[in-house]
1. Just subtract the alpha-carbon distance of residue 165 and residue 274 from 0.36 nm times their residue separation and send over the number in nm, one decimal.
2. Hey, with R₀ at 51 Å, roughly what FRET efficiency would residue 221 and residue 111 work out to, going by the Cβ-Cβ distance, to 0.05?
3. For a protection proxy built on the mean count of beta-carbon atoms within 10 angstrom, sort 56-64, 204-212, 253-261 highest first, please.
4. If one computes P(r) from the Cα atoms of the range 70-289, what percent of pairs lie at distances over 21 Å?
5. Based on the Cβ-Cβ distance of residue 10 and residue 31, what FRET efficiency does E = 1/(1 + (r/R0)^6) give at R0 = 30 Å, to the nearest 0.05?
């Protein structure tokens with residue numbers, strides 16, 4: 001197929017527009033990174049517009065090594081909650097979606113309706129707190145894992161994907177004497193790498209970025225997530241005006257601006273690094289899950 005000049009010009013314009021959008025998306029991340037790497041004396045003078053001046057990693061070393069900020073503990077907790085919570089959520093969501101996608105299960109539509117009702121209507125923070133406290137979730141790391149183990153939106157996507165798997169595979173397995181567990185583990189799971197990766201990405205981002213739940217229920221400093229630590233560093237202590245004072249580390253001046261930028265970049269870097277490894281599955285998984293949704 002031959003392209004005309006107008007088609008080539010249109011493709012070039014599309015490519016340029018996509019590059020511009022990509023640059024606009026990447027710019028905030030790079031800007032925060034460059035602020036964190038810059039020498040504080042240039043920041044105080046307003047001389048850093050984009051590229052760093054007096055580049056160093058002293059701000060990152062100071063933030064991570066200083067126990068007063070508790071950033072390393074927050075990162076550790078967030079990693080633990082995200083990994084365990086993602087695995088539990090994928091398992092619960094996939095198993096539930098498998099059951100609700102089987103046409104031989106008569107009450108699947110009723111049960112799915114109950115899930116959708118809980119998705120549309122929420123009781124509110126106070127009733128939720130009363131229920132969670134009765135179950136012992138206050139100041140308990142399980143609050144980051146168990147209550148959100150099944151997200152209804154992600155359940156709908158997984159169910160739509162499993163409904164798209166040819167029924168002939170399941171029927172042939174039944175003829176050979178396979179039970180539901182064998183069908184699930186030997187047939188459906190190997191075919192579901194795309195949707196599992198998609199669910200994993202959704203849940204990992206959701207748990208890592210969760211702020212309200214840990215802020216309400218995780219009171220102990222040893223259980224706090226990186227988002228809570230970041231809030232304490234950037235907002236709470238900023239209002240008091242007592243946290244950041246200019247200091248010199250290995251000849252580099254560190255001030256309030258680049259220390260905050262370092263804390264922000266540290267908190268967002270791990271989850272950003274996840275995307276390149278799952279993106280090849282993510283697009284296909286979300287599109288297949290949307291076919292019948």
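Any read-out appearing in this document is the output of simple, stated calculations on the displayed coordinates, not a laboratory observation. For clarity, every value in this text was computed on a predicted model and none was experimentally measured. Every residue, glycine among them, receives a Cβ derived from its backbone with ideal geometry; neighbour counts consider all protein chains shown.
1. Values: separation 109, 0.36 × 109 = 39.24 nm, distance 2.74 nm.
Residue separation times 0.36 nm, minus the Cα-Cα distance, leaves 36.5 nm.
2. On the way: r = 41 Å, r/R0 = 0.80.
With R0 = 51 Å, the Cβ-Cβ based efficiency is 0.80.
3. Details: 56-64: 19.3, 204-212: 17.2, 253-261: 22.2.
In descending order of packing, they fall as 253-261, 56-64, 204-212.
4. Every Cα pair in the range 70-289 considered, those over 21 Å come to 64 percent.
5. Details: r = 32 Å, r/R0 = 1.06.
My answer for the efficiency is 0.40.
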